[in-house]
Amino acid sequence: MNEAKKSALMGRCGERSCPRCGAAFVCGMDAGKPRCWCADLPPLPVDPDIPGCLCPDCLAERARSVVPDGS
């Protein structure tokens, strides 16, 4: 995705661009909701290599790799 398209997407209410895959997604808090969809996932340790929020797919993948599923 080119920088102009990323800037246009991020300019919409609550839309962000995933720093890992480039996908556009909506942050619930930025969109005016009481909480974001990410609050339904387990808390994860901060990764200093990730500058900002991840999209639902990337965050779910990271949660699976960091948090044991109990099996």
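The values are calculated or read from the model by the stated rules, or taken from the named source; none is laboratory data. This one's a predicted model, so the numbers in the text were calculated from it and none came from an experiment. A quick note on method: Cβ atoms are made from the backbone with ideal geometry, for glycine too, and the neighbour counts reach across all protein chains shown. Protein only, heavy atoms only, side chains kept; ligands, DNA and RNA dropped before computing areas. Shrake-Rupley method; radii C 1.70, N 1.55, O 1.52, S 1.80 Å.
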Top-ranked residue in segment 35-55 [being open to solvent by 60 Å² or more (accessible area, probe 1.4 Å) and of a type in the set (D, E, K, R); ranked as farthest from VAL66 (Cα to Cα)]: ARG35
Restricting segment 5-34 to residues that are out of contact with any strand residue (DSSP E or B) (no Cβ under 7 Å at 6 or more places or on another chain) and modelled with pLDDT of 90 or more, the one least open to solvent (accessible area, probe 1.4 Å) turns out to be GLY22
